[in-house]
Structures are given as structure tokens and as C-alpha cells.
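Where a number appears in this text, it was derived from the coordinates with a stated rule and is not lab data. Model, not experiment: these values are computed from the prediction. In this analysis, Cβ positions are derived from the backbone assuming ideal geometry, glycine residues included, and neighbour counts consider all displayed protein chains.
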Amino acid sequence: MPPKSGHQRVKQLGYDGDDLYYDDDYSDEGGGDGLSPEDKEQMRQGTIQVKAALASSISVSDAEIQEALWHYYYDIDKSVTYLKSKSAKVEEKKSSGKLDILIFGLKKLFPYPIPRQSSYKHVAVSAAEFFNDTPWLNVPIHRRGEIIVEPLYPRGGLLGGSSKPSKLAALAAARKRKQREDGVASVPDNADTSHDKEPDRAVALLDRLSLKDRAKEKAPPSLGSSEQPEELSKKKPRQTRYPVRRKKSPSPPPVQRREEPSGPIPEPSAAIEIPDLRAPPSTFAAAMIGANRMEPQPRPLRGSMFSLPYIHNGWFTNANAFAGPSPDDIVMNAQAKGQKSKKVPSKQVNGGKSTNKLTESVSSLTIEEAPKVKSKNLNVLQEFEKSNMKKTASFVVIGHVDHGKSTLMGRLLYDLKVIDQRSVDKLRKEAETIGKSSFALAWVMDQTSEERSRGVTVDIATNYFETEKTRFTILDAPGHQDFIPNMIAGASQADFAVLVIDAGTNSFESGLKGQTKEHALLVRSMGVQRLVIAVNKMDTISWSKARYDEISQQMTAFLTAASFSPKNLAFIPCAGLTGDNIIRPPPDGTIPGNWYSGPTLVEALDASEPAKRALSLPLRLTVADVFRGGVMNPLSVSGRLDAGSLQVGDTVLAMPANETATIKGIEVEGEPVDWAVAGQITTLHLADIDAVHLRLGDIVCSPAAPIKNVKSFQAKILAFEHVVPMSVDVFRGRMNAPAKVTKLVAVLSKQSGEVEKKRPRIVQPGSVARVVVEMEREMPLDSGTRIVLRADGATVAAGLLESV
Ligand SMILES: Nc1nc2c(ncn2[C@@H]2O[C@H](COP(=O)(O)OP(=O)(O)OP(=O)(O)O)[C@@H](O)[C@H]2O)c(=O)[nH]1
């Protein structure tokens with residue numbers, strides 16, 4: 001029977017399949033013994049002859065004989081030689097108590113006792129088990145593996161090899177012959193002398209020569225020598241159905257391998273000069289390991305061993321590359337030191353005992369501070385009085401979506417020649433190309449592409465114009481309910497409001513249910529007292545007096561109910577699209593029966609009394625925008641100066657970040673100025689502050705009288721919807737923060753403000769109440785600040801902070 005395949009044998013050992021080394025030397029092509037009748041006959045006769053040759057000198061099974069015959073192509077002599085030497089070796093091992101163990105060619109590296117499970121020489125070992133206690137990069141020398149480069153062509157052995165002896169073998173044979181002739185003690189020959197054929201001895205000698213250190217070990221003869229009968233080698237390939245060998249033989253020939261000395265590994269002999277071909281460590285490796293470790297190290301102990309670089313030196317395990325500061329750390333530490341002790345001469349930094357030149361030189365580097373912005377130290381209030389400045393006023397334009405706010409303001413600016421004909425013609429053309437020609441004037445205010453393509457104002461648009469008496473700032477607010485927060489931001493900067501109402505059929509009514517009502521209530525809650533009501537699109541109702549009267553009456557009733565004083569309400573009929581009654585009365589014949597002879601819109605605006613300026617109060621500027629004001633002004637903010645005054649060179653405090661900044665420059669209405677006072681919408685160019693410390697809605701204040709960051713407050717509110725303890729968003733200017741109404745303190749009288757009911761469970765819409773609000777994060781708030789409470793996209797209430 002031919003030998004079993006490696007697979008079968010491994011299975012017999014009963015190891016875990018994952019851990020096994022599968023000897024994949026065979027492929028079973030055909031199964032069974034697969035011998036042709038001629039093979040069978042040859043095998044039968046060969047077996048008989050080998051048995052006869054061996055006689056009873058050794059005990060071998062038929063299977064072993066047949067295996068040998070198979071590998072030696074039925075060569076009787078070689079088979080006999082092989083079987084004898086095999087038997088002799090097994091006997092020798094038995095007597096010395098050793099078992100030849102083969103583990104992936106890693107002989108002597110396996111530290112554990114290997115069970116004698118069978119007489120097979122291959123023992124499968126788990127790689128995980130083998131490396132179990134092996135630390136990374138610190139493999140003990142006795143555990144290190146080696147890669148043995150096998151010759152490209154098989155050595156002499158069962159595989160056969162060359163059909164004639166190599167030159168070396170022939171030389172060895174000749175030398176041996178000479179030694180015998182000279183009577184010199186020959187190298188012990190393990191081969192059976194009964195088959196003392198010259199070529200066999202030569203090959204055996206060759207084996208010993210190639211394994212010098214095995215001389216003492218009585219190596220088995222190299223079986224299957226390169227010597228093969230010519231006729232056998234010329235045999236046509238067999239059509240075998242035996243397992244076909246692929247690479248190497250598992251058995252019976254022993255795999256040639258390097259023997260390791262069992263004791264400590266000897267140092268290479270000094271007499272043998274072996275050139276060190278290793279490249280020196282790279283710069284990186286040198287940096288990691290340390291320059292002082294760069295002296296020549298002993299070369300690896302075994303020249304044929306491939307191992308990790310530097311591992312022999314123990315550098316990696318001993319060197320702690322990160323123990324000291326990195327070059328970057330050295331520089332940064334030095335810079336930090338240098339900053340902390342800017343005024344200290346560099347000599348004193350190290351107490352004159354500089355140990356690190358790099359540290360010293362870096363710490364001595366100081367960056368000259370840019371010259372501070374010079375303040376003119378003006379008395380701003382005196383300057384303001386002296387300036388005889390035209391009165392200024394800002395108004396927010398509010399009203400339901402599409403009621404004509406932007407168009408009205410565009411027309412106003414156009415008629416006042418703030419924008420020229422050419423610009424308007426250009427806008428008309430552009431609007432026509434996208435089929436929105438009626439929006440051309442609105443585009444004077446709506447300048448973003450989104451606003452223009454959608455025909456809807458999104459954010460507050462600011463513009464300026466002046467009349468004989470007043471300089472006005474327009475804050476055009478979006479009418480859409482989605483942009484109420486932006487409207488709130490605009491309203492927080494306004495002295496009064498212009499409420500635009502579409503007089504068209506049903507438009508007024510739908511607006512009264514929508515943002516006409518909400519906007520009016522919001523601005524009132526935010527402190528706006530005066531309203532100019534522009535009853536717009538009068539052209540669409542042919543200037544109907546009845547309709548105008550109807551709208552005026554309803555609105556007066558509603559607004560007075562919302563705490564507006566009738567004397568602060570002015571109704572102006574107009575048509576923004578045609579420009580009638582904006583800056584001049586409509587042409588004759590426009591108004592049927594000339595029933596209106598009152599002021600134009602601009603006259604009504606001019607008649608408004610500006611709110612008192614809080615000049616003497618501490619500085620407060622609500623940031624409505626943060627932007628890059630140009631090459632020289634990398635950080636600028638704009639917003640209404642609610643209180644106080646400021647000038648170039650002042651130091652201000654940004655809250656809630658609590659960071660100071662220097663005012664480099666001031667602009668009012670696009671013009672650079674030296675100072676600004678309360679009531680003006682101002683741009684500040686700032687220095688000495690990082691942009692991360694400034695956000696929309698922040699407060700710029702005086703470091704001497706800073707605003708407080710607060711987390712909870714009590715407020716007097718007007719309820720737009722039912723108010724209960726609930727989650728809300730608190731809006732103040734551009735700022736908003738999530739919060740909770742935690743306590744309903746009382747319901748108050750609308751007229752007197754006295755407590756009507758303590759601790760109500762609910763506040764009805766339209767009622768005035770006192771509530772406690774707690775925020776998730778701190779916001780800079782003063783008593784008297786106007787706030788709005790919104791929830792789920794709707795305004796719940798608006799009011800005034802009573803205490804913080
Ligand atoms: N007939 C007529 N149409 C007008 C008048 N004023 C505005 N419109 C039209 O009404 C539409 C909306 O005008 P906008 O000025 O965009 O309205 P708005 O209130 O600013 O809209 P939002 O800002 O988005 O709330 C445009 O088609 C205008 O041409 C007017 O006096 N007469």
C-alpha cells in the first residue's frame with residue numbers, strides 16, 4: 001500500500017484543525033492505489049527482491065518497502081540502502097531517547113515539551129501557542145525564527161535530483177578513495193557496507209560535508225542520491241494515480257535543516273572576518289533610538305538569519321524615544337516661557353545658566369507689539385452736541401408677506417434719488433429675464449440671489465436716506481413667518497416701525513390673521529411705540545375711500561388694544577409700485593374725488609419724534625453682524641448702539657465671551673467717523689480679539705460697566721398664546737437661547753400692572769403676566785431688556801426683563 005497522505009496523518013494526531021500544519025505535499029488524483037497493472041507487477045517483484053536483500057537484518061513492513069520502491073522508481077539497491085539507514089537511525093534515536101522533531105523548520109525554538117503522539121516526525125504546533133508569551137520586538141534570542149532559503153532544485157534525496165554526481169560529489173568521492181588508499185582514517189560511513197557502491201558513498205560524504213556540524217551526529221546517509229540509473233531517469237512519466245508530490249517530501253527522507261547548538265550561541269570566530277553588510281540606521285531610526293546608540297553593534301549571530309533591524313542590540317526595548325521633549329515641544333515651551341516673561345531680559349529667563357541654547361535663543365525672541373490704536377481722547381458727548389447733527393431715526397418695515405414692503409422702500413429710495421435711474425433700469429431688466437418684473441423695485445432692498453429668485457425677503461436689509469430734517473436708517477424686515485427671528489433682530493434696532501398693509505381684497509384680512517397682527521404685537525412688546533401704517537397697493541382698489549376707512553378703523557381698534565396710543569398711529573394711503581403718495585401726492589385724477597389730502601409717507605416719517613438717546617448710560621451695542629471689514633479690518637461688527645458712546649482707541653468688552661478688544665475704526669452709515677453715540681447703527685473695526693469670541697446677538701460693552709451673563713430672569717410678558725410652564729426659546733436681538741418658563745408668578749392688570757391673580761396655572765392669550773424663565777446657557781442681559789419667547793416656530797409671548 002502506498003503511504004497515507006499528510007492530511008490523513010495529521011488527522012490521526014487529533015490536533016485542532018486550526019492549529020495544524022497541513023502538509024500539502026500531495027494531491028489525491030484518482031483515489032485508491034491507482035497503480036497500473038505494470039506498476040503493480042513491478043511493485044510486487046520489487047517487494048520480493050528488497051525483502052530478500054534485507055533478509056532478516058531489519059524488520060520493515062511491506063508498506064515501507066513499497067514506499068521506498070515507489071520513490072526510487074523500483075530501484076532495488078537504493079530502496080534497500082534507504083531502508084537500512086532509516087532503520088539504523090531510528091534505532092540510534094531510540095537508544096538516545098530523542099525524537100526528531102520538525103516544526104516548520106524552527107528547530108529548537110519550541111520551548112514546550114512535545115508529546116510523543118506517534119512515531120511520525122512531523123508535529124503540528126499552534127502558532128498562537130508558540131508565540132503565546134513572546135513580547136513584540138523583544139523576542140528572546142532562543143525563540144527567534146529563521147528563514148532557511150531552500151535551494152531552487154531539490155537536493156539529493158528521495159526526490160532524486162541530478163542523474164549523475166555533481167563535481168563536488170565526484171571530488172569528495174575521489175578524496176575519500178585517496179584517503180582509503182593512503183590509510184587515513186576515513187569519515188565514518190553509515191551506509192550499509194553490503195551496498196558499498198562508490199556513488200552512494202560519495203553522496204553520503206557530500207551530505208556530511210554540507211552539514212558540517214552534523215558530523216558528530218552520525219547523520220543518515222543522504223538517501224536517494226543524485227545517482228540514478230540512466231534508464232530510470234529516461235523513463236517516460238508514469239501515469240500515476242498515486243498522490244502526486246508537489247514540493248517536498250514529508251517522509252521518509254529527513255528534511256535538511258540547520259542544527260542549532262544547544263548551549264549558548266558561540267561568538268563568531270575572530271579569525272573569520274565577515275564583512276558587515278548592514279546599512280547604517282536611517283536618520284529616523286537614529287532619532288528614535290538616539291544618536292549615542294549609533295556605535296557599531298555586533299552583527300547578527302547567524303549570517304543566514306533574517307531578523308528585524310536593530311533587534312539584536314536591544315535598542316528598541318531599552319530606548320524610550322518619547323521620554324524627553326520632542327523638538328517641537330522644546331520650541332513651544334520656550335515660546336511660552338518667552339511670552340510669560342516678555343519684560344524679563346532673556347538672560348534672566350534661565351538665571352544666566354542656560355543649559356539649552358535653543359531654548360534660550362527662542363525665548364529671547366519677542367514679537368514687537370503692533371502700535372496700539374491711538375485714541376484722540378475726545379469728550380464724545382460734547383462733540384455730539386457741537387456737531388449739530390441732523391436728527392437720526394431708524395425704522396423697521398414690517399407687515400405680512402408680499403404686502404409690498406420692499407417695493408415701497410425701493411420706490412422711496414428711487415424717488416429720493418438714493419439710487420439712480422440706471423440701477424433701477426438694470427434691476428428691471430434682470431427681473432424681466434426671470435419673469436419677475438414687478439419685483440424690480442423690491443430688488444433695491446432684496447439683494448441676495450435667494451431673495452431675488454424666491455421673491456421673498458429673508459434677512460434684514462439696511463439702507464439709508466435723509467430728508468431735510470432727518471437721517472433715516474431703513475431696516476426692511478422679512479414678512480414670511482419663517483423669518484420672524486430676523487424680524488425680531490430688525491425690530492430690536494428700530495426707533496419706530498412702518499407697518500405695510502395690502503389694501504387689496506382679502507389681502508388685508510389674511511394679513512390681520514397672520515404677520516400683520518404678529519409683527520405689530522412683537523414690535524410693541526419690544527418697546528416700539530410709534531407706528532406709521534402704510535395702506536399700500538391703493539391702485540389695486542382704485543383708491544377706494546371706503547376700503548381705506550375700513551382698514552383704518554379695524555387697525556386702530558386692534559393696535560390700541562395692543563397698547564399703542566392712538567396719537568402714535570399715522571395711516572398713509574399709498575401705492576409703492578406706482579409711487580403714489582410716497583414722496584409726493586398722487587397726480588390729479590388718481591384719487592377719485594380727491595378724498596385724501598393728508599401727508600405723504602415721507603412727511604409722516606419726518607414727523608416722527610425720534611426716541612431719546614440713552615447717551616449717559618453704560619455702553620451697550622447689540623451685535624447684528626460679524627464680518628470681515630476689508631484687508632485692513634479682518635474683524636468687524638455692526639449693530640445699533642443702544643446706550644452710551646464710544647470712540648476710536650477705546651477698549652471694549654465682548655459678552656458673553658468676556659473678551660476685550662480695541663476699536664480700530666468706526667463707521668456710521670458707511671462713512672468713517674471718530675466717535676458714535678446711542679441711537680446710531682454703527683460698524684466697529686476691532687483689533688486684539690479673535691473672531692471666535694464674537695457672535696450675532698453678543699453685546700459689546702464697557703469693561704468698566706459690563707453687562708452680566710445671566711441664566712435666569714423674571715419678566716413681564718404679553719401672552720400671544722397660552723403660556724404654561726413650558727420649553728421656549730428666548731430671543732433678544734440676534735441672540736436666542738433654549739430656556740424654560742419655570743414659574744407663573746402672577747397675572748397682571750393691563751392698565752395698572754397690578755397683580756390680579758397669583759400663581760396662575762395658565763396665562764391666557766392677550767393677558768399680561770409675570771413669569772420666571774431659566775435658560776440652558778448664560779446670556780448677557782440687563783434689566784429693562786426686551787425679549788421674545790417663541791416655541792415651535794410661533795411667538796408665545798414678548799416682554800420686558802424686570803430683574804436678573
Ligand atoms: N399693484 C401693486 N402691486 C404692488 C405694490 N407694491 C408691491 N406690489 C407687488 O407686490 C408683490 C410683493 O412685493 P414685495 O415688495 O416683494 O412684498 P414684501 O412685503 O416686501 O414681501 P416680503 O418682504 O417677502 O414679505 C410684488 O409683485 C410687487 O410688485 C403696489 O403698490 N401696487
Label-point separation, E509 to I434 (7 Å along Cα→Cβ), nm: 3.3
Distance in nm between pseudo-label sites at S59 and R761 (7 Å out along the Cβ direction from Cα): 10.6
Efficiency of FRET between V418 and E671 - r from beta-carbon atoms, R0 22 angstrom, step 0.05: 0.90
Charge tally in the Cβ shell below 15 Å around R613, where Lys, Arg are +1 and Asp, Glu are -1, R613 excluded: +1
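Among 71-82, 53-64, how do they line up by average Cβ neighbours within 10 Å per residue, starting with the highest?
So the peptides 71-82, 53-64, ranked by packing, come out 71-82, 53-64.
Efficiency by 1/(1 + (r/R0)^6): what FRET value for K386 and E754, r their Cβ-Cβ distance, R0 = 35 Å, to the nearest 0.05? Walk me through the intermediate numbers first.
On the way: r = 46 Å, r/R0 = 1.31.
Efficiency for this residue pair is about 0.15.
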Packing rank of 695-703, 487-495, where each peptide gets the mean count of other beta carbons within 10 Å, highest leading: 487-495, 695-703
Rounded to whole Hz, the Karplus (6.51, -1.76, 1.60) HN-Hα couplings of segment 631-637, x for glycine and proline: 4, 7, 10, x, 9, 10, 10
Dipole moment magnitude, nearest 20 debye, segment 620-701 about Cα centre, only Lys, Arg, Asp, Glu C-beta charged: 140
Amide hydrogen neighbours beyond the local backbone of K743, cut-off 5 Å, H modeled: V772
Amide hydrogen neighbours beyond the local backbone of S645, cut-off 5 Å, H modeled: L619
Segment D77-N379, extension gain: residue separation times 0.36 nm, minus the distance between their alpha carbons: 96.3 nm
At most 15 other Cβ within 10 Å, DSSP loop - chymotrypsin sites (Phe, Trp or Tyr not before Pro), segment 545-645: W595
14 Å beta-carbon shell around T590, net charge (K/R +1, D/E -1): 0
Segment 384-487: trypsin sites (Lys or Arg not before Pro) falling in loop per DSSP and having at most 16 other Cβ within 10 Å: K390, K417, K436, K469
Distant-in-sequence amide H partners of I787 (H built 1.01 Å from N, under 5 Å): G799, L800, L801
Largest to smallest principal axis extent of the C-alpha atoms in segment 654-751, angstrom: 48, 30, 23
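Cα gyration tensor of segment 382-606, axes a ≥ b ≥ c as square roots of the eigenvalues: rounded (a/c below 1.5), prolate (a/b > b/c) or oblate?
On the way: a/c = 1.16, a/b = 1.01, b/c = 1.15.
Since a/c stays below 1.5, the shape of segment 382-606 is classed as rounded.
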